[in-house]
Amino acid sequence: MKKLIEFLKDFFQKKPPADSIDAETLRAAFKERYHHFKMLLNANNSALETMTEIEQALQNRRPFGMSFIKSNCISVTVSLLRLLKNLEQLSDGKYNKLYAPFDEICNTIRGLIEQKKEAQDERLIIPLTAIDRTRADLVGSKMANLGEILNLVKLKVPAGFSITARAYEYFMSYNDLQTEIDRRFVSTDITDMEALYALSLDIQALITEAPLPEDLENEIHRAYSDLEQEMGGSLSVALRSSAMGEDSAANSFAGQYRSELNVRQKDLIATYKDIVASKYGFTAITYRLNKGIRDEDIFMSVGCIAMVDARSGGVMYTRNPLDSGDSSVFINSAWGLPKAVVDGSVDCDLFVVGRHQPMQVSYRDIKEKKSQFLCYAEDGVCQLELTEEDRKEPSVNDEEAVALATLAVRIEQYYGSPQDVEWAIDRNGTLFILQCRPLQQTEALKMNYPEELIQKTRENVLASGGTNIFPGVAGGEVFIINSPDEMVNFPKNGILVARQALPVWASLLNKASAVLTEHGTFAGHLANVAREFKVPAIFGLKDIADILHTGDLITVDSSLLSVYKGKIDIPIQDRETEKDIIEGSPVYNMLLEVSKFIIPLYLLDPYSPDFKPENCKTLHDITRFAHEKSVHEMFNFGKEHNFSERSSKQLFYKVPMQWWILNLDDGLKEESREKYIRLENIASIPMMALWEGIIAVPWDGPPAIDGKGMAAVMFQSTANRSLEPAMKSAYTERNYFMISKNFCSFTSRLGYHFSIVEALVSNRTAENYISFRFKGGAADSQRRIRRIKFIADILTGYSFRVELREDNLVARVEGYEMDYMLERLNILGYLIMHTRQLDMIMSNESVIRYYRAKIDKDIQTVVLAKKASAS
């Protein structure tokens with residue numbers, strides 16, 4: 001009786017068939033709904049592509065900056081907004097509750113991205129006498145360390161002051177420069193070195209041409225006048241970068257920013273802006289990108305210190321950077337300013353001083369020093385030729401070397417770790433400390449060569465000698481570089497060969513497998529960065545740029561100071577595995593945090609009672625929900641309006657089947673008013689490819705299962721009623737195709753298994769894609785997960801990109817030509833039919849091997865063979 005009442009109720013409530021006028025109106029309405037459906041799919045695909053870019057950046061750990069994060073977050077949120085707007089149109093606002101989680105997620109992402117440091121101290125100028133390490137956030141590590149050495153270690157440091165991070169922030173905000181800089185970064189492809197170089201020049205010009213706030217300019221001049229009074233008359237100063245994070249233990253930024261020596265008051269403001277602009281110098285940008293440092297975290301403080309009229313200068317390491325077991329002090333020195341040592345432009349002397357008392361020089365290497373850098377009042381910094389006599393003289397004597405080593409040990413004891421110290425001795429013999437930063441050390445690399453390898457290397461030596469900058473072995477093609485203009489052509493894994501070890505070459509260290517230079521010092525900026533990036537390097541290798549030619553295949557063994565012809569496999573001592581430089585960096589961590597609100601998929605089961613807008617935790621969840629409901633709305637159009645022309649119809653293949661088809665546009669060769677659609681009338685290219693896979697090999701039926709397997713089925717059916725095939729659902733007993741000529745959306749529920757295939761396939765290769773989702777099973781979770789991994793392994797072999805979460809599989813392939821995509825649809829059709837109920841046998845290894853072998857054989861000999869024979 002109850003069934004009779006329900007039948008009569010349905011009969012009398014059924015809408016009458018549409019008349020001809022209504023039919024035209026409904027056709028127009030369906031056409032509009034279909035338009036919004038296509039736009040929704042387009043937005044969905046754009047969002048998924050952006051999510052893939054984010055995943056690949058995290059997995060490949062390639063360099064990227066905040067501009068990558070910002071542009072991709074903008075891209076994915078714009079795609080989601082388009083998706084929601086089109087879902088609203090095709091469903092008459094039925095799912096507008098999605099906007100609430102969308103707004104909440106977007107606000108969370110925005111809050112993460114826009115967080116930035118702000119200077120807490122409002123002072124624009126601070127004298128060096130008031131600075132110590134606690135002021136690092138205001139004056140940068142370089143000036144903070146210098147203040148610490150002056151005020152607490154009580155060593156001689158030139159007088160000076162700091163133009164603070166607050167001053168930088170004030171200057172940038174006064175001209176609204178950061179907004180324009182961010183805009184330019186977002187619109188530039190940072191993987192294109194030529195575009196990045198042009199961007200660097202543009203931004204630097206933008207900064208140097210901007211006016212300084214008048215009160216800031218006045219304060220700088222006032223501080224300079226105070227310094228003149230302190231020094232007792234007219235003076236020149238060094239303006240040195242002291243950015244946030246510079247000279248830290250992890251990031252030296254050696255030579256990446258600009259410093260200017262011998263600056264007079266009339267040039268003070270212009271030079272200050274030049275140094276601020278150097279934050280966006282090409283080498284500085286690439287260094288930050290390769291190290292994963294957020295641009296927003298770098299405030300450019302500038303140190304202003306009185307020039308030292310240096311007789312000699314250089315850099316000393318309080319320990320051996322290449323051997324953590326060697327406690328000797330290494331002193332690199334040259335005549336004149338230390339610029340010759342740190343720039344790597346002049347060969348310099350090396351003194352090694354032992355720590356045992358009394359301290360004494362244990363090793364000296366006195367180089368021929370052809371020139372020196374000196375300051376002249378009107379000419380700035382000049383490079384002058386040395387006399388023949390001075391060239392071969394040591395730039396410091398042994399007594400001065402021991403005095404320097406004594407200060408080095410004192411500084412290390414104060415900081416409690418090895419240090420890299422820049423120093424100068426003036427013409428009165430007074431020793432000044434100019435800079436101090438943590439020294440990175442590595443363990444000595446021990447090489448054990450078999451006799452036959454020793455013989456082979458001897459026969460193939462092209463050059464030997466020089467200074468070991470970082471130990472290791474690397475092979476590759478030579479690239480000789482003479483000008484920064486040639487950097488854009490440097491190949492991945494090339495051997496960088498140059499005459500001088502200039503800091504600008506640091507931009508190539510993420511691509512170089514080794515570095516060879518004719519000149520350069522152990523203590524230069526490029527040497528420091530090469531050690532940071534762990535690139536094998538030899539400096540001071542005589543005539544190497546003439547011996548080698550671009551394109552030569554060579555092997556570099558920096559530990560033995562040798563270069564060999566060809567590629568030689570030299571075994572090296574295994575170092576402890578290092579993480580990629582980008583991993584764990586601020587930018588990497590930011591993308592990782594942001595991705596938690598974009599990529600994970602929690603809404604897995606459309607039949608679950610939890611499949612609701614309010615349960616969307618990520619943007620991926622929103623795309624999943626919206627896509628599922630858009631398909632539902634398209635299928636329901638004909639039923640809602642009693643419009644048979646746009647209602648789903650049953651597939652007739654030999655006999656009527658439980659496969660239902662909705663023609664969206666041109667998926668049929670001819671429109672049919674019958675309740676059946678015959679296979680020969682289907683024009684949809686992707687549907688037919690999928691169908692060919694479905695019927696390619698007859699299904700043998702469910703695999704034999706043991707008692708445990710049967711018990712698992714019964715338990716799952718009892719515990720989870722939504723899994724039962726008998727449970728009422730829109731897709732419980734039917735398999736649905738939505739089709740047009742080049743599009744197919746297939747939703748299937750076969751027993752306990754759900755699968756969705758969506759494909760767009762045409763001659764427009766760039767637009768082609770196939771998406772596949774698979775979930776479910778009647779076995780326990782462990783066997784369902786093993787079945788998912790089983791399918792994933794097969795799909796990966798056919799170029800699908802696969803993601804797994806519990807017993808849910810998402811696979812995607814895109815951007816291939818039509819024939820390739822149709823073969824992948826053949827494979828999916830086969831797998832949908834033949835992986836049914838395989839979860840039941842996923843605890844039996846021999847049966848798993850049997851089915852894997854059978855599936856591989858079926859795909860190669862039947863599924864794909866038919867396509868091959870047809871062509």
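The values are calculated or read from the model by the stated rules, or taken from the named source; none is laboratory data. The structure displayed is predicted, hence computed values, not measured ones. Neighbour counts run over all protein chains shown; Cβ positions are idealised from the backbone, glycine included. Ligands, DNA and RNA are stripped out before the accessible areas are found, and what is left, the full protein with its side chains, is counted by its heavy atoms. Shrake-Rupley method; radii C 1.70, N 1.55, O 1.52, S 1.80 Å.
Restricting segment 301-322 to residues that are under 36 Å from the mean Cα position of the chain (by Cα) and open to solvent by 10 Å² or more (accessible area, probe 1.4 Å) leaves a set whose member that is farthest from K142 (Cα to Cα) is L322.
From the list I207, I126, I149, the one residue that fits, being touching a Ser or Thr at 6+ places or on another chain (Cβ under 6 Å) and closer than 30 Å to D226 by Cβ, is I126.
Yes/no matrix, rows are residues, columns are (1) touching a helix residue (DSSP H, G or I) at 6+ places or on another chain (Cβ under 6 Å); (2) open to solvent by 60 Å² or more (accessible area, probe 1.4 Å):
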{"site": "K789", "(1), (2)": "no, yes"}
{"site": "L795", "(1), (2)": "no, no"}
{"site": "R801", "(1), (2)": "no, yes"}
{"site": "E806", "(1), (2)": "no, yes"}
{"site": "A811", "(1), (2)": "yes, no"}
{"site": "M818", "(1), (2)": "no, no"}
{"site": "L831", "(1), (2)": "no, no"}
{"site": "R836", "(1), (2)": "no, no"}
{"site": "M842", "(1), (2)": "yes, no"}
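With respect to Y287, is the statement that it is farther than 26 Å from Y415 by Cα and touching a helix residue (DSSP H, G or I) at 6+ places or on another chain (Cβ under 6 Å) true? For Y287, the condition - farther than 26 Å from Y415 by Cα and touching a helix residue (DSSP H, G or I) at 6+ places or on another chain (Cβ under 6 Å) - is not met.
Taking strands (runs of 3 or more DSSP E) that fall entirely within segment 763-848, which contain at least 3 residues that are among the charged types (D, E, K, R) and closer than 26 Å to I599 by Cβ?
Working: elements: 769-776, 801-805, 808-814.
Because the criterion is at least 3 residues that are among the charged types (D, E, K, R) and closer than 26 Å to I599 by Cβ, the strands (runs of 3 or more DSSP E) in segment 763-848 that meet it are 801-805.
Look at segment 686-703 and say how many of its residues are touching a residue at least 12 places away in the same chain (Cβ under 8 Å) and either assigned to a loop (DSSP other than H, G, I, E, B) or farther than 16 Å from F652 by Cβ (or both). Total satisfying the criteria: 10. Quick check on segment 233-252. Is at least one of its residues open to solvent by 10 Å² or more (accessible area, probe 1.4 Å), over 27 Å from the mean Cα position of the chain (by Cα) and aliphatic (A, V, I, L, M)? Yes, that holds for at least one residue.
Of these, F102, F12, F30, F37, which one is modelled with pLDDT under 85, open to solvent by less than 40 Å² (accessible area, probe 1.4 Å) and over 30 Å from F282 (Cα atoms)? Let's see the steps before the verdict.
On the way: F102 fails: modelled with pLDDT under 85; F12 fails: open to solvent by less than 40 Å² (accessible area, probe 1.4 Å); F37 fails: modelled with pLDDT under 85.
Exactly one of F102, F12, F30, F37 is modelled with pLDDT under 85, open to solvent by less than 40 Å² (accessible area, probe 1.4 Å) and over 30 Å from F282 (Cα atoms), namely F30.
How many residues does segment 330-339 hold that are part of a strand (DSSP E or B) and open to solvent by less than 40 Å² (accessible area, probe 1.4 Å)?
First, pick out the residues of segment 330-339 that are part of a strand (DSSP E or B): 330-336.
Among the residues that remain, those that are also open to solvent by less than 40 Å² (accessible area, probe 1.4 Å) are: 330-334, 336.
Matching residues across segment 330-339 total 6.
Taking first residues from segment 319-332 that are without any contact (Cβ under 8 Å) to a residue 40 or more places away in the chain and partners that are open to solvent by 40 Å² or more (accessible area, probe 1.4 Å), the Cβ contacts under 6 Å between residues at least 6 apart in sequence or on separate chains come to S327/R319; S327/R355. Among the candidates E578, E628, E532, E518, the residue that is closer than 22 Å to L439 by Cβ and either at pLDDT 85 or above or open to solvent by less than 20 Å² (accessible area, probe 1.4 Å) (or both) is uniquely E532.
Can you tell me how many residues in segment 76-99 are aromatic (F, W, Y) and part of a helix (DSSP H, G or I)? Before you say what the answer is, go through the steps one by one.
Step one: of segment 76-99, the residues aromatic (F, W, Y) are 95, 99.
Checking which are part of a helix (DSSP H, G or I) leaves us with 99.
Of the residues in segment 76-99, 1 are aromatic (F, W, Y) and part of a helix (DSSP H, G or I).
For the structure I just gave you, tell me whether V863 is closer than 25 Å to W659 by Cβ, open to solvent by less than 40 Å² (accessible area, probe 1.4 Å) and free of Cβ contacts under 8 Å to residues at least 60 places away in the same chain. No; evaluated as a whole, the condition is false for this residue.
Within segment 720-767, the set of residues being modelled with pLDDT under 50 and polar (S, T, N, Q) comprises N720, S722, S729, T732.
Restricting to segment 500-547, give me the number of residues that are in contact (Cβ under 8 Å) with a residue 12 or more places away in the chain and in a helix (DSSP H, G or I).
Let us first name the residues in segment 500-547 that are in contact (Cβ under 8 Å) with a residue 12 or more places away in the chain, namely 500-545, 547.
Next, from what is left, pick out any that are in a helix (DSSP H, G or I): 503-508, 525-532, 544-545, 547.
Residues meeting the conditions: 17.
Within segment 484-495, residues that are open to solvent by less than 50 Å² (accessible area, probe 1.4 Å) have Cβ atoms under 7 Å from residues that are in a helix (DSSP H, G or I) in these pairs: M487/M193; M487/S507; M487/L508; F490/L508, counting only partners at least 6 apart in sequence or on another chain. Taking the criterion of being part of a loop (DSSP other than H, G, I, E, B), of a type in the set (S, T, Y), touching a helix residue (DSSP H, G or I) at 6+ places or on another chain (Cβ under 9 Å) and open to solvent by 40 Å² or more (accessible area, probe 1.4 Å), the only residue of segment 187-219 that qualifies is S187.
If you go through segment 664-685 and keep only what is under 21 Å from D819 (Cα atoms), open to solvent by 30 Å² or more (accessible area, probe 1.4 Å) and not in a loop (DSSP other than H, G, I, E, B), you end up with E680, I685. Summed over segment 767-820, the residues that are in contact with a His (Cβ under 8 Å, 6 or more places away or on another chain) and of a type in the set (F, W, Y) give a count of 1.
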